[in-house]
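Please read the structure below before turning to the comments.
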Amino acid sequence: MPAPPADSAAVRRLNLSRALRHLADHGPRSRSELSAATGLAHGSLTALTADLIDRGLVREAGLTPAGGRGRPRRQLELAPGRVLTLAVRITRRRLQVTVADLAGRPRHRATLPHRTPQGDPRPLARAVADALREAGAAALAVPGAHLWGAVMAMPGPVDAHATDGATAFSTDFGWPGPVPLTALVRAELLRTEPALAGLPLALVNDANLAALAEYRALLPHRAAPPRSLAYLKADIGVGGGLVLDGRIHTGGHGVAGEPGHMPVAFDGPPCACGARGCLALYVGPEALADAAGFAGLRAAEGADAALVALGAALAAGEPRAVDALDTAGEVLGAAVLAVTSLLDADEVVLGGYLADWHPWLERGLTARLSGRRALSDRLVPAPVPGVLGADAALAGALTYARDTVLDDPASVPVAVSAASASAASASGSGSGASTSDSGSG
Ligand SMILES: [Zn+2]
């Protein structure tokens, strides 16, 4: 059990978070409604909302709709544009950058190609710092805005608890060991834009962020928030994430929820990881392309070209492609059984081409899962395709940043003055004037 808050300041921070999160999740509410929903006494809530207004996080809006009992009451709502967060999705070839406010409204978007030599992380750190500088300038151009920080979505295992800042280990970039990417980006910022060097920087695995975004996308469609969600995706590799009680669970070394090296066949072929019969050897891009008859194309033009050809073959109903997906579905089913047996997951969501090709995976999946379902039909959820596609990781990075702000609104400073804050909100927020699109896409 978590320790009780140490003092009244900690309790106050917690209560500020409860009030702000309720407004963020449920939209405009009167103080009375907020008090009833959060269980905070009316007097205490009045003080808390005054604090949130001083910080520019909340503003007074219209009156409660007529027709209810009693006199109409002034509503409070999330103030647009006050807190801006940056999200950077790092892939092998490009950086996708977004600036958004707490309501998720984008203020700036860019896609920046980068060339990073294999094995040397410094050019990537430089490119990320350049992207942050450009996005930070766009954010700070919004009058009255507070730039909270940035979340970087990175492929490969991320250890957020390393002693010299979060580290990433990426075979995509040919890094031989964990790289202190956060520290490298901060050093670049310090050299080129010292004003941004103190910005909070979070480094999170991209599939974990995608899992978080898919979890949030499911919420409106479920009667109650799922306790646990397992996300399994495949694109340039096999990855995934776990969301427990609404939060990403990273495990002891940052690799929880990574299904790629989950053993699905003890007598299977040897894997580069040292084990045998790993899931990636059956549903990974190379394995799937080869099983469908595109080994030659893959050797000549790469896995991406082979996957495009496989997609076309599936759409055309070519038997070898359909059979390959059918077999992959069964193997995936074994992995889903293992995950759900251990976790008692409420939801299993598929991403990448596992989502796109779900119709061809479904028979194999269902065949594997039906035995356990016959025993107890609620213990193994039906895997569903994710709805966010390739945008999931970037959306997850913004969600992660937003959660961090909503968890501790007191980390946002009091706005310069009520007067200048309201002038700024009148002239700057909601106009979209600072939204820009640049880059090559
Ligand atoms: Zn393996």
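The values are calculated or read from the model by the stated rules, or taken from the named source; none is laboratory data. The shown structure was predicted, so the numbers you read here are calculated from the model rather than taken from an experiment. Don't worry about glycine lacking a Cβ; one is built from the backbone with ideal geometry, like all the others, and counts go over all protein chains shown.
Brief remarks on what is shown
- Sole residue being under 16 Å from Glu258 (Cα atoms), away from the ligand (no atom under 16 Å from the Cβ) and touching a residue at least 12 places away in the same chain (Cβ under 8 Å), chosen from Leu343, Leu332, Leu314: Leu343
- Matching residues, the stretch 367-401, being among the acidic types (Asp, Glu) and outside any helix (DSSP H, G or I): Asp377
- Note on the stretch 134-165: residues that are in a loop (DSSP other than H, G, I, E, B), surrounded by 22 or more Cβ atoms within 10 Å (Cβ to Cβ) and out of contact with any Gly (no Cβ under 8 Å at 6 or more places or on another chain) amount to 1.
- Residue in the stretch 73-92 that is in a loop (DSSP other than H, G, I, E, B), of a type in the set (Asp, Glu) and surrounded by fewer than 24 Cβ atoms within 10 Å (Cβ to Cβ) present: no
- Leu343 vs. criteria touching a helix residue (DSSP H, G or I) at 6+ places or on another chain (Cβ under 8 Å), surrounded by fewer than 20 Cβ atoms within 10 Å (Cβ to Cβ) and under 25 Å from Pro225 (Cβ atoms): no
- Residues of the stretch 171-185 satisfying the condition of being surrounded by 20 or more Cβ atoms within 10 Å (Cβ to Cβ) and of a type outside the set (A, V, I, L, M, F, W, C): Pro180, Thr182
- Annotation: of all residues in the stretch 87-113 being in contact with a Gly (Cβ under 7 Å, 6 or more places away or on another chain) and of a type outside the set (Ser, Thr, Tyr), the one that is modelled with the lowest pLDDT is Asp101.
- Hey, Val255 farther than 24 Å from Leu314 by Cβ, among the β-branched types (Val, Ile, Thr) and in contact (Cβ under 8 Å) with a residue 24 or more places away in the chain or not: yes
- Hits in the stretch 102-130 - residues which are part of a strand (DSSP E or B) and either without any contact (Cβ under 8 Å) to a residue 24 or more places away in the chain or aliphatic (A, V, I, L, M) (or both): Ala110, Leu112
- Residue selected from the stretch 150-165 under the condition touching a helix residue (DSSP H, G or I) at 6+ places or on another chain (Cβ under 7 Å) and under 23 Å from Asp391 (Cβ atoms), by the criterion modelled with the lowest pLDDT: Pro155
- Of residues in the stretch 227-286 being acidic (Asp, Glu) and within 15 Å of the ligand (Cβ to nearest atom), the one surrounded by the fewest Cβ atoms within 10 Å (Cβ to Cβ): Asp267
- Some residue of the stretch 317-329 being under 19 Å from His261 (Cα atoms) and either within 16 Å of the ligand (Cβ to nearest atom) or of a type in the set (Gly, Ala, Ser) (or both): yes
- Yes/no for Tyr215 being aromatic (Phe, Trp, Tyr), surrounded by 16 or more Cβ atoms within 10 Å (Cβ to Cβ), outside the structural domain of Gly351 (by TED's automatic domain parsing) and closer than 20 Å to Asp344 by Cα: yes
- For Thr116, the conditions (1) hydroxyl-bearing (Ser, Thr, Tyr); (2) at pLDDT 95 or above; (3) more than 21 Å from the chain's Cα centre (by Cα) are fulfilled apart from (2).
- Flag for Ala291 being hydrophobic (A, V, I, L, M, F, W, C) and more than 16 Å from the ligand (Cβ to nearest atom): yes
- Pick from the stretch 372-383, criterion surrounded by fewer than 23 Cβ atoms within 10 Å (Cβ to Cβ) and either in contact with a helix residue (DSSP H, G or I) (Cβ under 8 Å, 6 or more places away or on another chain) or touching a residue at least 40 places away in the same chain (Cβ under 8 Å) (or both), ranking: farthest from Thr91 (Cα to Cα): Arg372
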